[in-house]
Amino acid sequence: MVKAVDEMIRNLEQISADPSIIGKCPELPGVVLDKILSTCVDRDGPEYAKVARDYESLRADYLKALVMHPVGRALAALAVGSAGVELMERGRPPAVVAEVRSTRAGHTRSRRESFNCHHIVPKSIRPHTDGVSINHPTNFVVAKTTRRGLDQSENPHHFWHSLFLHPQTHNAPTEPHPVYVVRPLFPFYPPITQGFRSVEELRSKLAQIGAPALPEVWENRIMEFSRATKHKPYAVPKEFHEITRLFGELYKALNKDPELNRQLRASLAEKASRLVADFLPAGTYLNGKQLPPDHTIKTIIPIIESQQKVETVVKSTARKRQPAKRESRKLVTPQTQPQVNQQKV
Amino acid sequence: MPVNRRYIKELSDMFVDDLKRSDYYRQLTAPQRHDLDDRLKSEAEQGYSPLVPGAENQDLARLAFALLDELNIRLPEAMIDILRQVDGFVANGVTMYGVDGDLRDDEFDAVPGLVAENSFQWASFPETIQKYLFIGDADLWQFGIELDTGCPVVLHRGTLAEAHRFSSLEELVDDMLHQALGYFEDTADFLEVEPTDYSAGFHFSRS
C-alpha cells in the first residue's frame, strides 16, 4: 500500500510541473477537472458490489500508509494536525475535537471537525479511460466534511459532488461519454489550515509540529495554494450556496401541491445546471442534455485527462471484529526521508 | 427495540479516548481538565455514554416543529426514539444527523442537524424533496427514511439509487454505528465472533 501511495504522490506531481496551476481558478484552488470517458456501472451486478466491499476494507490501510509516506505525512500534518495524523496511524479518518460542552441535563458532548476519505472517480462510474482504478490511492482524497447548520463552506466534497458530479450523472446516456470529475492536486483538501506568506514560515511550521520536510515541488504547491486563498483558510465560495438559499426561500411558501413541487424541482435543477455549465465545455451532458456546440466556458478551470496506467496493485485485507485499540501512540517521524528542498534558508 | 448499547458504549469510549489525545484537551488548564475528567467519569458511572448523549425532550419538540414548519414533514416516531438514545455522531467517515444546533438553548452545533442537512440535500438533489428524510451519510452511502412508507433505506451516494431496505430504523442505525467503529470484516469472520444480540440484517460495509 505504501508503494501505491508513493505512486499516487508521483502522479499528482506529474499532473503539472508548474505550481501556478493551483491558483488558475480562484473559486476552486488546487483542483483540476479530469475528463473521464465512462459509463454508469450496473448497480445490481457483482462488479459494483465488489468495488464497494473492497473499498471499505482498503480504507484503513490507505490512511495508515498515507502517514507512513514521508510526503504524505508532512501533507497530513499540515492539513489535519498532529491529532489527525495519530488517528490516521490507527486507520481512522482524521477528526479534530474543537469544543466540549455540557447539555442542560449535564451530559457532555463534543464538536469535531471531520474529514472523510472519498473517491475522485466515484465507484458508480465505470471508467473507459486507461489509468483509472477506482479503489486505488490514485483515486482517493481525504477531504474536509465539516458542516455547521446550513453553512457548507467547510464541506468542499459536497460542493464538488452537487455542483459537478450529480448534474453529469443524473439521466446520463448509457453509452460511453465524457464525465468531468474534480481531481484535487493534493491528497488532502483543503491542504492547509492556515496561510503561509513565505516558504520559511512553512518549513518552520513543519519543524514545529515534528513533520518531515517537504520536497520543493510540494512546498511550491502549498505556497501557491496559500496565495490563491489570500493566506486565509479555504472556504467554498458563497455564490455556490445560492441553491440552498433559493430552496429555503421557495420551499417555505409551498404546500404539498404536486404541480408546485414539480416547478420547484425544475427550478432548482435548472439553477444547478446553469451554475455548473459555466465551468464545463460544449458537449458535456448535464441532466441528460448536451451543452450546445456554441457553448462557451465562463470560468476557466484546468482540464486534464488521466491516462497513466496504475503500476501498483492494492489488496483488501479483511479484519476480524475487535474493539478499537486504545494504546497511546506518539507522533514520530518515519525512517524514510524525503528528497528535501536543498535551497538555503 | 433499542439501538445496540454496546456499540454506543464503544463509540463513547472511542470519543473519550480521542478527546484525551486532542490538542483541545492538552490546552485546557489543569483544573479544567480535572473538571472535565470528573464529569466524564460521573456520566459513565451513572450508566450514560459520555460524548454520545441522547437528545432531550425539549430539543426533540423543537426539532419536530422545525421539520414541519420548514420542510413540511413529520418527524417519525421511530426517529424520535433513536434520537433519545443517540443524538447524532460523526466518526470514521460516518455521520448520523441530530438535533440542529440552532434549536438548542446553547446553540451548540455538535453534529450536523436534521433540518439543515435535509434542506441542503433536497436543494442539491431536488428529486429527493419530500421523498426521504435523510438521517446520515458516509462516503459511499446516504441513509434515510422513505417518507411514504416509513421504511429505513440506504441509497448509493453517487446516484441516490436504493441499495437496501431495513426492517427497522434501529437496525439501520446499528449498521451506521458498526461502520463508525471501524468494523469491515467479511461474512465468515463476522459470524465467527458476532454475539447473537447484534443485528442480523444488512451491513452496508459488507454489501
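For the condition modelled with pLDDT of 75 or more and either closer than 18 Å to B:G93 by Cβ or hydroxyl-bearing (S, T, Y) (or both), B:D148 does not qualify. B:D23 meets all of the listed conditions (1) touching a helix residue (DSSP H, G or I) at 6+ places or on another chain (Cβ under 8 Å); (2) at pLDDT 95 or above but one, namely (2). Out of the residues in the range A:290-311 that are charged (D, E, K, R) and over 30 Å from A:E239 (Cα atoms), which is surrounded by the fewest Cβ atoms within 10 Å (Cβ to Cβ)? Ranking the qualifying residues of the range A:290-311, first place goes to A:K309. Just one of the numbered conditions (1) modelled with pLDDT of 85 or more; (2) closer than 27 Å to B:F15 by Cβ; (3) not small (G, A, S) is not true of A:W160: (2).
For A:L12, are the conditions met, namely being under 16 Å from the mean Cα position of the chain (by Cα) and buried (at least 23 other Cβ atoms within 10 Å of the Cβ)? So A:L12 fails the test.
Among the residues of the range A:182-199, is there at least one that is free of Cβ contacts under 8 Å to residues at least 60 places away in the same chain and either in a strand (DSSP E or B) or under 22 Å from A:M88 (Cα atoms) (or both)? Yes, the range A:182-199 has at least one match.
Given the criteria closer than 12 Å to B:A55 by Cβ and surrounded by 22 or more Cβ atoms within 10 Å (Cβ to Cβ), does B:Y97 qualify? Criteria met by B:Y97. Condition test on A:T174, is it at pLDDT below 95, β-branched (V, I, T) and within 19 Å of A:V85 (Cα to Cα)? In short, no. The listed residues are A:A98, A:A83, and the only one of them that is in contact with a Lys or Arg (Cβ under 9 Å, 6 or more places away or on another chain), aliphatic (A, V, I, L, M), closer than 22 Å to B:D35 by Cβ and modelled with pLDDT under 90 turns out to be A:A83.
I'd like to check something: does the range B:66-75 contain any residue that is more than 9 Å from chain A (Cβ to nearest Cβ), under 13 Å from the mean Cα position of the chain (by Cα), surrounded by fewer than 22 Cβ atoms within 10 Å (Cβ to Cβ) and under 22 Å from B:I145 (Cβ atoms)? No, because not a single residue in the range B:66-75 is more than 9 Å from chain A (Cβ to nearest Cβ), under 13 Å from the mean Cα position of the chain (by Cα), surrounded by fewer than 22 Cβ atoms within 10 Å (Cβ to Cβ) and under 22 Å from B:I145 (Cβ atoms).
Taking the range B:105-134 on its own, how many of its residues are among the polar types (S, T, N, Q) and modelled with pLDDT under 80? Here the count works out to 1. Taking the range B:114-166 as the range and being assigned to a helix (DSSP H, G or I) and touching a residue at least 12 places away in the same chain (Cβ under 8 Å) as the test, the residues that pass are B:L114, B:V115, B:A116, B:E117, B:N118, B:S119, B:Q121, B:W122, B:E127, B:T128. Scanning the range B:84-113 for residues that are in a strand (DSSP E or B) and polar (S, T, N, Q) turns up just one, B:T95. Scanning the range A:101-119 for residues that are more than 7 Å from chain B (Cβ to nearest Cβ) and surrounded by fewer than 20 Cβ atoms within 10 Å (Cβ to Cβ) returns a single hit, A:G106.
Checking each residue in the range B:100-118 for being touching an Asp or Glu at 6+ places or on another chain (Cβ under 7 Å) and farther than 24 Å from A:P93 by Cβ picks out B:L103, B:R104, B:V115. With respect to B:F166, determine if the residue is more than 9 Å from chain A (Cβ to nearest Cβ), touching a helix residue (DSSP H, G or I) at 6+ places or on another chain (Cβ under 8 Å) and modelled with pLDDT under 95. Yes; evaluated as a whole, the condition is true for this residue. Inside the range A:72-96, can you point out the residues that are touching a strand residue (DSSP E or B) at 6+ places or on another chain (Cβ under 8 Å), within 9 Å of chain B (Cβ to nearest Cβ), among the small types (G, A, S) and surrounded by fewer than 24 Cβ atoms within 10 Å (Cβ to Cβ)? Residues satisfying the conditions are A:G81, A:A83. Scanning the range A:91-149 for residues being over 21 Å from B:A161 (Cβ atoms), of a type in the set (S, T, N, Q) and part of a strand (DSSP E or B) gives a total of 4. The residues in the range A:143-173 that are within 30 Å of B:V99 (Cβ to Cβ) and more than 10 Å from every other protein chain (Cβ to nearest Cβ) can be counted, and the count is 5. Under the condition of being of a type outside the set (D, E), within 9 Å of chain A (Cβ to nearest Cβ), over 26 Å from A:A77 (Cα atoms) and in a helix (DSSP H, G or I), the residues counted in the range B:22-52 number 4.
The values are calculated or read from the model by the stated rules, or taken from the named source; none is laboratory data. This structure is a prediction, so every number in the text was calculated from the model and none was measured. Heads up, the Cβs are rebuilt from the backbone with ideal geometry, glycines too, and the neighbour counts pull from every protein chain shown.
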